[in-house]
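A short worksheet on the structure shown next.
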Amino acid sequence: DLVVLSYGNGYYLSRQAEKILREQHGVKVKLVDLRWVAPLHVDQLLKAVDGYKKVLIVDECRKTGSLSEEITTHLVEHCKKLPQIKRITGKDSFITTGTSWQYLLPSTDDVVAAALALHKSK
């Protein structure tokens with residue numbers, strides 16, 4: 001139904017969300033762990049999304065100046081048929097400390113909500 005691109009902690013959260021989406025909502029998710037982000041392997045990225053109409057990028061970095069912006073740019077510039085793209089990121093903020101991370105970084109629930117919204121969109 002859709003492909004989720006992520007790395008690091010975002011991949012961990014996406015794995016949790018994938019199970020919820022499959023078992024509770026019947027949504028099939030292809031989950032791609034980018035693993036190596038510098039340099040970003042654009043050819044592999046394009047192969048991973050080929051044939052999918054919807055792409056969710058889960059990025060734990062801030063919204064502005066993040067890896068998800070670079071990924072989105074590559075998809076826009078290189079996909080023969082541009083998929084619908086949604087990304088969830090951390091909030092633009094100072095470095096989070098203590099328990100403040102829960103208000104600023106993506107969560108499993110955020111991934112589920114974003115994936116369902118993308119899945120249901122036209």
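The values are calculated or read from the model by the stated rules, or taken from the named source; none is laboratory data. Predicted, not measured: the structure shown is a model, and the values here were computed from it. Neighbour counts are summed over all protein chains in view; Cβ atoms, including those assigned to glycine, are modelled from backbone coordinates with ideal geometry. For the accessible areas, the whole protein counts, side chains as well, though only heavy atoms, and no ligand, DNA or RNA atoms are used. Shrake-Rupley method; radii C 1.70, N 1.55, O 1.52, S 1.80 Å.
So is Gly65 open to solvent by 30 Å² or more (accessible area, probe 1.4 Å), more than 12 Å from the chain's Cα centre (by Cα) and modelled with pLDDT of 95 or more or not?
For Gly65, the condition - open to solvent by 30 Å² or more (accessible area, probe 1.4 Å), more than 12 Å from the chain's Cα centre (by Cα) and modelled with pLDDT of 95 or more - is not met.
What number of residues in the range 47-69 are part of a helix (DSSP H, G or I) and over 20 Å from Val111 (Cβ atoms)?
1
Within the range 35-51, work out how many residues are under 14 Å from the mean Cα position of the chain (by Cα), open to solvent by 30 Å² or more (accessible area, probe 1.4 Å) and not charged (D, E, K, R). So that I can check it myself, show each step before the final result.
The first filter runs over the range 35-51 and keeps only residues under 14 Å from the mean Cα position of the chain (by Cα), leaving 35, 37, 45, 48-49.
Still in the running and open to solvent by 30 Å² or more (accessible area, probe 1.4 Å): 35, 37.
In the following step, the residues that additionally are not charged (D, E, K, R) were identified as 37.
Summing the residues that are under 14 Å from the mean Cα position of the chain (by Cα), open to solvent by 30 Å² or more (accessible area, probe 1.4 Å) and not charged (D, E, K, R) in the range 35-51 gives 1.
Residues are listed down the side, and each one gets a yes or a no for (1) of a type in the set (D, E, K, R); (2) modelled with pLDDT of 90 or more; (3) open to solvent by 70 Å² or more (accessible area, probe 1.4 Å); (4) over 29 Å from Glu23 (Cα atoms):
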{"residue": "His74", "(1), (2), (3), (4)": "no, yes, no, yes"}
{"residue": "His78", "(1), (2), (3), (4)": "no, yes, yes, yes"}
{"residue": "Asp92", "(1), (2), (3), (4)": "yes, no, yes, yes"}
{"residue": "Thr99", "(1), (2), (3), (4)": "no, no, yes, yes"}
{"residue": "Leu105", "(1), (2), (3), (4)": "no, no, no, no"}
{"residue": "Val112", "(1), (2), (3), (4)": "no, yes, no, no"}
{"residue": "Ala117", "(1), (2), (3), (4)": "no, yes, no, no"}
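Please state which one of Gln44, Gln16, Gln24 is more than 14 Å from Ala114 (Cα to Cα), at pLDDT 95 or above and part of a helix (DSSP H, G or I). Break it down stepwise before answering.
Values: Gln44 fails: at pLDDT 95 or above; Gln16 fails: more than 14 Å from Ala114 (Cα to Cα).
So the residue among Gln44, Gln16, Gln24 that is more than 14 Å from Ala114 (Cα to Cα), at pLDDT 95 or above and part of a helix (DSSP H, G or I) is Gln24.
If you take the residues in the range 17-34 that are basic (Lys, Arg) and loosely packed, with under 15 Cβ neighbours inside 10 Å, which one is nearest to His78 (Cα to Cα)? Walk me through it before giving the result.
From the range 17-34, those basic (Lys, Arg) are 19, 22, 28, 30; that's our starting set.
When the remaining residues are screened for being loosely packed, with under 15 Cβ neighbours inside 10 Å, the result is 19, 22, 28.
Numbers: Lys19: 30, Arg22: 30, Lys28: 25 Å.
Among those that are basic (Lys, Arg) and loosely packed, with under 15 Cβ neighbours inside 10 Å, it is Lys28.
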